[in-house]
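**Q** I have a structure I would like to understand better, so I am pasting it below and will then ask my questions one at a time.
The values are calculated or read from the model by the stated rules, or taken from the named source; none is laboratory data. Everything numeric here is computed off the predicted structure, so don't read it as measured data. For neighbour counting, all protein chains shown are included, and Cβ atoms are generated from backbone atoms with ideal geometry for every residue, glycine included.
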Amino acid sequence: MFKSTDTLPASQDQFFWADFVEFQAIISPDRCFSLSELIGSIKRNTDSNRKIENAELAWNDLTNFVCTRIIEFGHAYPFKLTDEYKTVYLDYKNTPQQDFYLFLLIASSMRFISSQKQHEVARVFEETCFTVFRHILPSGSEVKATWAGGGNAAIYTGTLFEKMKAVADDIRCTANFDRDDFKATDTGDGGIDIIAWHPMEDNRQGIPIAFAQCGCSTTDWTFKQLEASPAAHLHHLPVIHPWATYYFLPLDLRRPDGDWGCKSKIKQAIVVDRLRMARLADRYELYQHLPQFPFIAEALNYKP
């Protein structure tokens, strides 16, 4: 399932480096990763785009971020720091909360996952987002998945034109497009993974609507967050009131001070990251409703 597991992060953001160290601890036979092992990884990645001038300083920064995770994620956090902060240990107690954290960590580590498995991980992440999204909306909301390649679970089927016509009907607007506006062979999702609306107990237009997009990429989220937005679709789905746009990603998108990481890249979307998903799962007791996460066992049983 895994490949190139020693590849260093391309970004200097601490949440990427904390993910790297945590992932190494999962797949290590010793269930830990230390400063000395980071130094070894840096030496083996001499052609990396990310140059580390001072490994000890980089380690101090990332372990400080790990400390914030210990506080913020609480009982859901499956790692601990020991040996005077020189080693990150997997402290896995096989709880649903820790399973959820480990899955989101794995989903954030797509560069380590073989191309054959990436689609499986992404689909489980989409199903997870669907569950979280459904529970944070007002009671009585209709929620439907629109993702491409949904198989038997797909609500909207056919070409993209046919899917978008069905979406227009559901959100009570007159579709402002023709069949010729879409490629005849396009069976994608149009950049929308989940839609939701509240029927407001009548059949009139002008209802609360929300669209969501889900993605595991560590870079594509900067533009994919608007793929489900009114800026992308309002011209051909002309509802009375624009919908809310959500973007789900498994990253722990935070700075050490608790504010958003890469804040300047967040646009007009409600971002739901790892911390929000973990806390929402607790708040709404979602663990029994989440899909299975077989990738955790594969990571724990990994042999290089």
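**Q** Filter region 81-120 down to residues that are surrounded by fewer than 18 Cβ atoms within 10 Å (Cβ to Cβ), outside any helix (DSSP H, G or I) and not charged (D, E, K, R), then give me how many there are.
**A** So the answer is 7.
**Q** Identify the residue in region 197-221 that is closer than 16 Å to PRO242 by Cβ and touching a Phe, Trp or Tyr at 6+ places or on another chain (Cβ under 7 Å) and, among all such residues, is surrounded by the fewest Cβ atoms within 10 Å (Cβ to Cβ).
**A** Within region 197-221, the match that is surrounded by the fewest Cβ atoms within 10 Å (Cβ to Cβ) is PRO208.
**Q** Farther than 27 Å from VAL272 by Cβ and among the small types (Gly, Ala, Ser), is that true of GLY74?
**A** Answer is no for this residue.
**Q** With respect to LYS93, determine if the residue is under 24 Å from the mean Cα position of the chain (by Cα), of a type in the set (D, E, K, R) and farther than 16 Å from GLY261 by Cβ.
**A** In short, yes.
**Q** Checking the conditions here, which among LEU275, LEU251 is aliphatic (A, V, I, L, M), over 30 Å from ASP178 (Cβ atoms) and part of a loop (DSSP other than H, G, I, E, B)?
**A** After applying the criteria, what remains is LEU251.
**Q** Here's another thing I want to ask about it. Taking the residues in region 123-140 that are polar (S, T, N, Q) and buried (at least 18 other Cβ atoms within 10 Å of the Cβ) as candidates, determine which candidate is farthest from HIS289 (Cα to Cα).
**A** Out of the qualifying residues, it is THR128.
**Q** Scan region 60-80 residue by residue and report those that are closer than 28 Å to GLN288 by Cα, touching a residue at least 24 places away in the same chain (Cβ under 8 Å) and in a helix (DSSP H, G or I).
**A** VAL66, THR68, ARG69, GLU72, PHE73, ALA76 - these are the residues of region 60-80 that are closer than 28 Å to GLN288 by Cα, touching a residue at least 24 places away in the same chain (Cβ under 8 Å) and in a helix (DSSP H, G or I).
**Q** Looking only at region 230-242, decide whether some residue is within 28 Å of ARG279 (Cα to Cα) and either among the small types (Gly, Ala, Ser) or assigned to a strand (DSSP E or B) (or both).
**A** Checking region 230-242: not a single residue is within 28 Å of ARG279 (Cα to Cα) and either among the small types (Gly, Ala, Ser) or assigned to a strand (DSSP E or B) (or both).
**Q** Which count do you get for residues in region 188-229 that are outside any strand (DSSP E or B) and under 30 Å from SER109 (Cα atoms)?
**A** Total satisfying the criteria: 21.
**Q** Shifting gears a bit: Of everything in region 243-258, what is of a type outside the set (S, T, N, Q) and either touching a His at 6+ places or on another chain (Cβ under 8 Å) or surrounded by 17 or more Cβ atoms within 10 Å (Cβ to Cβ) (or both)? Give them in sequence order.
**A** TRP243, ALA244, TYR246, TYR247, PHE248, LEU249, PRO250, LEU251, ASP252, LEU253, ARG254
A quick yes/no check of all residues on (1) in contact with a helix residue (DSSP H, G or I) (Cβ under 8 Å, 6 or more places away or on another chain); (2) among the acidic types (Asp, Glu); (3) at pLDDT 95 or above:
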| residue | (1), (2), (3) |
| --- | --- |
| GLN97 | yes, no, yes |
| SER109 | yes, no, yes |
| GLN118 | yes, no, yes |
| THR128 | yes, no, yes |
| ASP170 | no, yes, yes |
| THR174 | yes, no, yes |
| ASP189 | yes, yes, no |
| MET200 | no, no, yes |
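**Q** Here's something else I'd like to know. Does THR157 satisfy being assigned to a loop (DSSP other than H, G, I, E, B) and without any contact (Cβ under 8 Å) to a residue 24 or more places away in the chain?
**A** Criteria met by THR157.
**Q** Does ASP257 count as free of Cβ contacts under 8 Å to residues at least 12 places away in the same chain and in a loop (DSSP other than H, G, I, E, B)?
**A** Criteria met by ASP257.
**Q** Please state which of the following conditions VAL143 fails to meet, knowing it meets all the rest: (1) touching a Lys or Arg at 6+ places or on another chain (Cβ under 8 Å); (2) farther than 21 Å from THR245 by Cα; (3) outside any loop (DSSP other than H, G, I, E, B).
**A** (2)
**Q** I'd like to verify a number: residues in region 222-242 that are touching a residue at least 60 places away in the same chain (Cβ under 8 Å) and surrounded by 23 or more Cβ atoms within 10 Å (Cβ to Cβ), how many?
**A** Residues flagged as touching a residue at least 60 places away in the same chain (Cβ under 8 Å) and surrounded by 23 or more Cβ atoms within 10 Å (Cβ to Cβ) within region 222-242 amount to 1.
**Q** Ok, one more. Specify which of the listed residues (THR174, THR157, THR185, THR146) is buried (at least 20 other Cβ atoms within 10 Å of the Cβ), hydroxyl-bearing (Ser, Thr, Tyr) and in the same structural domain as GLN213 (by TED's automatic domain parsing).
**A** From the options THR174, THR157, THR185, THR146, the qualifying one is THR146.
**Q** For region 18-62, which positions are β-branched (Val, Ile, Thr) and at pLDDT below 95?
**A** ILE39, ILE42, THR46, ILE52
**Q** Spot the failing condition for LEU38; the list is (1) assigned to a loop (DSSP other than H, G, I, E, B); (2) more than 24 Å from the chain's Cα centre (by Cα), and only one is missed.
**A** Against the list (1) assigned to a loop (DSSP other than H, G, I, E, B); (2) more than 24 Å from the chain's Cα centre (by Cα), LEU38 comes up short only on (1).
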